[in-house]
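**Q** Here's a structure for you.
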Amino acid sequence: MKKFVCSNCGYVSPKWFGRCPQCGEYDTAEEVVQRRKNREGSPSLFLNLEDAGEISLERLSTGFSELDRAFRGGIVPGQVILLSGEPGIGKSTIALQIAERFAERGLVVYVSGEESPQQLKLRADRLLLKRKKDILLTLENDIDEIISSLQNKRVSFMVVDSIQTVFSSDLGSSPGSISQVKNVTMKTIDFAKKRGVPVLLVGHVTKEGEIAGPKLVEHMVDTVAYFEGDRRTGLRLLKITKNRFGPSDEVAVFELKENGFVQVENPSFTEGDADLPGNVLTCVFEGTKPFVVQIQALVSKNRTFSPKRVCKGVDVNRVMLLIAVISKYLKFPIETHDVYVNVVGGLRITDPAADLAIALSIVSSYLEVPLHNTAAVGEIGLDGRVRKVYNINRRLNSLKSSGRIIVPPIEEEQKGVFEVRDLKEAVSVIGGEILGTPGAD
Ligand code: TYD
Ligand code: MG
């Protein structure tokens, strides 16, 4: 049975097409021959559930305890991890540092489709790697060749850098096309599972998140990790967004130094100028780890008809909702102002516990009232109420060096901790006179 697949978007058709009806590209139809299945249904095709093997619970350290924690104890044999991120963020660097750790256990194979051996050597020297002899490089980019040449070798780890540069000669399309990326991933997963070798697939994404390849690969691999960060501070966050062997949403923080990455156990996403209007601290959970972050807001009079909402590190829709709640319950005309919100240090936060801090930073900037080292934790409802959040005690503990902490009602009273039920009460904590400003009720 024949079918034709568009190498650009993956559209499938039983007939050949000159122009893809889905994405509009020309000459992308690729013939794929499906293997005929054995009609008799050979019994060896099946195995009963009882006889299915067990997943190894062995966890292999990456050499970074923070990364091991994010992976829930380390990497499992046969685990396939997709590491993506923008060019230059440090994917090859961290891959090589992990490779060095695995080289202690046996050969590491580094498939380099992007860089020459000399470039890799330069990086390895810069990273002061000691096990270069146990790291085998190959510039071969035919996945079938690579896998067959590893048949008799004991491999402890494999890096494919990058998935877009490797191909299989089964297909006629060029490396990087959707069908190639999919095919290469399938073959790599098969190799990893059969041989129990953990594999790190490096994938590029452009600023616009454009290349569809890695997106598609996400469904196939065990674990998806994104590398992102703030080039200014040198902090890099490795965020795990999918993990079949542990919880997702864990984050490991690194700092890029002269000789590679070092892990940061207690990163600071603050700038130490929480005394100026518009600055409020909060504590968010990324996975199982609390992070203290500083929220900065700037509210300024809008000079055009459409007020701006510009957010970095926080969802703009969440901020728009908070602006609507502030306008309605505090009667501040913020909806007609430009609002900019920034999370210091490049962390992207999704924890709703940051709501109160975001709202108070907006109010503080609007009123031009500095909050002097104030922290706030709490989710804000559409009714203006401040809702409880999980792990409040751990958050309070992380924020204990701040001047005062504003939180939803908690079980025990604590010094310096102000309990509020709604946004109005929160604002009265930061300055009783504020609610008496013109326009407020
Ligand atoms: P790289 O790992 O090549 O990024 P990617 O594979 O994601 O494209 O990292 C590139 C950057 O890292 C480059 O700007 C140089 C910097 N770097 C350091 O700061 N210290 C180091 O020890 C190394 C090896 C790289
Ligand atoms: Mg690279």
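**Q** Given the protein chains as shown and a 1.4 Å probe, how many square angstrom of D27 are accessible, to the nearest 10?
**A** 130 Å²
**Q** In the calculated pair distance distribution of the chain, what percentage of Cα-Cα distances lie above 34 Å?
**A** So the portion of pairs separated by more than 34 Å is 46 percent.
**Q** Can you count the Lys pairs in segment 230-380 whose Cα atoms are under 19 Å apart, with each pair 8 or more apart or on different chains?
**A** Summing the qualifying lysine pairs gives 6.
**Q** Separate question: Modelled label-to-label distance, T288 and K312, 7 Å Cα→beta-carbon offset: nm?
**A** 3.3 nm
**Q** Right, something else. Once you have the Cα-Cα distance between E255 and T350, take 0.36 nm times their residue separation minus that, and quote the gain in nm to one decimal.
**A** 32.0 nm
**Q** Please work out the FRET efficiency for the pair S148 and V32, using the Cβ-Cβ distance as r and a Förster radius of 25 Å; give the result to the nearest 0.05.
**A** FRET efficiency, S148 to V32: 0.70.
**Q** Also: Which value in nm describes the separation of the simple spin-label points at K400 and T233, placed 7 Å from the Cα toward the beta carbon?
**A** Label-label distance for K400 and T233, simple model: 2.3 nm.
**Q** Not counting ligands, DNA or RNA, and with a 1.4 Å probe, what is Y26's accessible surface area in Å² rounded to the nearest 10?
**A** Spelled out: Y26, probe radius 1.4 Å, area about 150 Å².
**Q** If I take R0 = 25 Å and measure r between the Cβ atoms of E368 and T270 in this structure, what FRET efficiency does the formula 1/(1 + (r/R0)^6) give, to the nearest 0.05?
**A** It comes to 0.75.
**Q** So, one more: Cα to Cα, under 23 Å, and not fewer than 8 places away if on the same chain: which lysines meet these conditions relative to K133?
**A** By straight Cα distance, K133 reaches K91, K121, K153.
**Q** Right, another one. At 0.36 nm per residue, minus the direct Cα-Cα distance, what do S300 and R126 gain on full extension? Give it in nm, one decimal, please.
**A** Once the chain is fully extended between S300 and R126, it gains 58.0 nm.
**Q** Can you give the accessible area of R348, probe radius 1.4 Å, in Å² rounded to 10?
**A** Surface accessible to solvent at R348 totals approximately 130 Å².
**Q** So which GluC sites (Glu not before Pro) in segment 358-438 pass both tests, a DSSP loop state and at most 11 other Cβ atoms within 10 Å of the Cβ?
**A** Qualifying residues, ordered by number: E368, E411, E412, E413.
**Q** Using the Cα atoms of segment 236-337, I'd like the radius of gyration and the largest Cα-Cα distance, Dmax, both in angstrom.
**A** Just the Cα atoms of segment 236-337 yield Rg and Dmax of 17.7, 53 Å.
**Q** Taking the simple approach of a point 7 Å from Cα along Cα-to-Cβ for both D51 and K15, what is their distance in nm?
**A** 4.6 nm
The values are calculated or read from the model by the stated rules, or taken from the named source; none is laboratory data. The model shown is predicted, which means the values in this text are computed figures rather than measured ones. Neighbour counts run over all protein chains shown; Cβ positions are idealised from the backbone, glycine included. For accessibility, only protein heavy atoms count, side chains too; no ligands or nucleic acids. Shrake-Rupley method; radii C 1.70, N 1.55, O 1.52, S 1.80 Å.
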